[in-house]
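Below is one structure, written out as structure tokens; the observations come after it.
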Amino acid sequence: MEVFVSRRLPREGLAALAQAGACSIQQWDSDEPVPRAELLAGVAGKHGLLCLLSDRIDKEVLDAAGPNLKIISTLSVGVDHLALDEIKKRGIRVGYIPDILTDATAELSVALLLAACRRLPEAVEEVKNGGWTTWKPLWLCGYGLSGSTVGIVGLGRIVPLAKLAEESDFVVVTCSLTPGTEGMCNKDFFGRMKKTSVFINTSRGAVVNQEDLHQALVSGQIAAAGLDVTSPEPLPTDHPLLSLKNCVILPHIGSATFATRSAMAVQAAHNLLAGLRGERLPSELQL
Ligand code: DGY
């Protein structure tokens, strides 16, 4: 069996793959994304592919892989980078990583929420640039979490979205990106939010209409935003959202703890190995 691994992984993941002795491994051994041409060449004839959320696995890649490919194991819980219809048509199985990164991502969501509502990046900047002249009663005030209403988009289909936007002091978006959620947080959505409320997104950037978010932040329609995900990623450094003081943007680090990334890599390796052997996957996406 031959597999292609599309990025450098935490070493526990590659070790799990290598120690199984079940496959020969070809790897794009870099922290940077595999160039498209290398990906297309790398997957050719392979039985397994271990990929990342930044690899677009579409018809072209599947055609390049050819009929041997039986398992795609993605180092992510999100699967919006995979052409699932094409994958299903070809009878290829998909392993993904639910659960393992939940705690790390939840922690990051809270950190981002507090950073945005208590204006931490702005405050840090003021300390550095000499703006901190004295203690001032009205300076750098924000909105507190205590006693507030937090609306979580992605907890289940239990609250109409409009009601959630209208009633929440904090909106935290954690849902998957699907055709149904793409652009869901738009002008209408922000228009329903309170002027004092804070918007957080730790799911996928494309769930948000970023132009509408920019407008909502500039016009004071909402108080602040914290984004761990953007569209595109990376966000160009001259993007208008980056010039706003009331918008905190992180580089998609929701799951970035050493322990979480290591556990994700091991799980991705086990998914890949089980797929190669035709066994039950530790976590298989039902197509
Ligand atoms: C995922 O796994 O989909 C996350 O976005 C990575 O943090």
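The values are calculated or read from the model by the stated rules, or taken from the named source; none is laboratory data. Computed from a predicted structure; not experimentally measured. Cβ sites come from the backbone with ideal geometry, for glycine too, and all protein chains shown count toward neighbours.
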Pro98, sole failed condition from (1) away from the ligand (no atom under 16 Å from the Cβ); (2) more than 30 Å from Leu217 (Cβ to Cβ); (3) surrounded by fewer than 22 Cβ atoms within 10 Å (Cβ to Cβ) | (1)
Cβ-Cβ below 7 Å, separation at least six or inter-chain, first residue in the range 262-284 and at pLDDT 95 or above, second acidic (Asp, Glu): which pairs?
-> Ser262/Glu12; Ala265/Glu12; Val266/Glu12
Check Val127 against each of (1) β-branched (Val, Ile, Thr); (2) within 16 Å of the ligand (Cβ to nearest atom); (3) without any contact (Cβ under 8 Å) to a residue 12 or more places away in the chain and name the one condition it does not meet.
-> (2)
Are any of the residues in the range 74-89 touching a Cys at 6+ places or on another chain (Cβ under 8 Å), under 15 Å from Leu276 (Cα atoms) and among the polar types (S, T, N, Q)?
-> yes
Report the residue count in the range 92-139 for those that are of a type in the set (Asp, Glu) and touching a Pro at 6+ places or on another chain (Cβ under 9 Å).
-> 0
Kindly provide the set of residues from the range 25-41 that are out of contact with any Ser or Thr (no Cβ under 7 Å at 6 or more places or on another chain) and within 26 Å of Glu86 (Cα to Cα), ordered by number.
-> Ile25, Gln26, Gln27, Pro35, Arg36, Ala37, Glu38, Leu40, Ala41
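Taking the condition surrounded by fewer than 24 Cβ atoms within 10 Å (Cβ to Cβ), within 15 Å of the ligand (Cβ to nearest atom) and among the basic types (Lys, Arg), does Arg261 pass?
The answer is yes for Arg261.
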Selection within the range 24-49 - among the hydrophobic types (A, V, I, L, M, F, W, C) and under 21 Å from Met1 (Cβ atoms) = Ile25, Trp28, Val34, Leu39, Leu40, Ala41, Val43, Ala44, Leu49
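Sort out for me the strands (runs of 3 or more DSSP E) sitting completely within the range 153-258 that have 2 or more residues that are within 15 Å of the ligand (Cβ to nearest atom) and in contact with a helix residue (DSSP H, G or I) (Cβ under 8 Å, 6 or more places away or on another chain).
Values: elements: 170-173, 198-201, 224-227, 247-249.
By residue number, 170-173, 198-201.
Considering every residue within the range 95-112, establish whether at least one is in contact with a strand residue (DSSP E or B) (Cβ under 7 Å, 6 or more places away or on another chain), of a type in the set (D, E, K, R) and in contact (Cβ under 8 Å) with a residue 24 or more places away in the chain. Quick ask: steps written out before the conclusion?
Taking the range 95-112 first, the residues in contact with a strand residue (DSSP E or B) (Cβ under 7 Å, 6 or more places away or on another chain) are 95-96, 109, 112.
Adding the requirement that they be of a type in the set (D, E, K, R) leaves none.
Checked against the condition, which is being in contact with a strand residue (DSSP E or B) (Cβ under 7 Å, 6 or more places away or on another chain), of a type in the set (D, E, K, R) and in contact (Cβ under 8 Å) with a residue 24 or more places away in the chain, the range 95-112 yields no hits at all.
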Note on the range 211-245: residues buried (at least 20 other Cβ atoms within 10 Å of the Cβ) and either closer than 16 Å to Val171 by Cα or modelled with pLDDT under 95 (or both) are Leu213, Ala216, Leu217, Ile222, Ala223, Ala224, Ala225, Gly226, Leu227, Asp228, Val229
Checking Pro35 against (1) free of Cβ contacts under 8 Å to residues at least 12 places away in the same chain; (2) within 20 Å of Phe258 (Cα to Cα), the condition it does not meet | (2)
Residue pairs within 6 Å by beta carbon, gap of at least six or interchain, first lying in the range 224-246 and free of Cβ contacts under 8 Å to residues at least 60 places away in the same chain, second surrounded by 14 or more Cβ atoms within 10 Å (Cβ to Cβ) and among the small types (Gly, Ala, Ser), listed first then second, are Val229/Gly205; Thr230/Gly205; Ser231/Gly205; Ser231/Ala206
Which residues, taken from the range 12-28, are over 15 Å from Asp55 (Cβ atoms) and of a type outside the set (A, V, I, L, M)?
-> Glu12, Gly13, Gln19, Gly21, Cys23, Ser24
Taking the range 113-124 as the region of interest, how many residues are free of Cβ contacts under 8 Å to residues at least 12 places away in the same chain and charged (D, E, K, R)?
-> 0
